[in-house]
Amino acid sequence: MAANLDIYPLESKIKLVCADHNNAADMLLEILHAVQAFNRYIPESAYQIIADCLNLSRAEVYGVVTFYHDFRQKPPAKKIIKLCQSEACQSMGSVQLKADIEKGLNSDVAIETIYCLGNCALAPSALVDGQIYGRLDADQLNTLIGGAA
């Protein structure tokens, strides 16, 4: 694959990614992950480009994008907090924590639900900037968000 995709327009980047995966339909998930990695989301305009490269229908590409919750269809917030909502975290107040935090968020921060960060003994837990934090309350989480809430 090209070393620096930034110099190419989006359509060319997508075609390069598809070619790097041999335009193979069985590489669709990897291609979608790659597109999201350089673009931060998978725009609707990408579905047909990918479909054409992989000899799939646009509906097949759309179906995969919408089936997996990790694929974004619109630009994400600048900061994404993944807040665990599994049973252990719920039992320790993560539902209320999410509600409390969402009240004051600005558009630069988004709370995404995730189910199990493997930190159950320290519930409720969140993933902030790639780091797992536990035993969180609203004040602690606001501090971790960096005052963006």
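The values are calculated or read from the model by the stated rules, or taken from the named source; none is laboratory data. Fair warning: this is a prediction, and the values are worked out from it, not measured in the lab. Positions of Cβ are backbone-derived with ideal geometry, glycine not excepted, and every protein chain shown enters the neighbour counts.
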Which of (1) closer than 19 Å to residue 70 by Cβ; (2) modelled with pLDDT under 95; (3) among the hydrophobic types (A, V, I, L, M, F, W, C); (4) surrounded by 15 or more Cβ atoms within 10 Å (Cβ to Cβ) does residue 105 not meet, given it meets every other one?
(1)
Of all residues in region 14-64, which are basic (Lys, Arg) and either at pLDDT 95 or above or touching a Gly at 6+ places or on another chain (Cβ under 6 Å) (or both)?
15, 58
Some residue of region 10-28 being under 22 Å from the mean Cα position of the chain (by Cα), of a type in the set (Val, Ile, Thr) and under 28 Å from residue 111 (Cβ atoms)
no
Pairs, please: C-beta under 7 Å, at least 6 apart or cross-chain, first residue among the acidic types (Asp, Glu) and in region 91-109, second in a helix (DSSP H, G or I)?
100/138
Which residue out of 105, 97, 127, 122 is farther than 28 Å from residue 75 by Cβ and aliphatic (A, V, I, L, M)?
122
For region 50-100, the count of residues that are surrounded by 12 or more Cβ atoms within 10 Å (Cβ to Cβ), assigned to a helix (DSSP H, G or I) and of a type in the set (S, T, N, Q) equals 4
Among (1) under 20 Å from the mean Cα position of the chain (by Cα); (2) farther than 30 Å from residue 124 by Cβ; (3) β-branched (Val, Ile, Thr), which single condition is residue 49 missing?
(1)
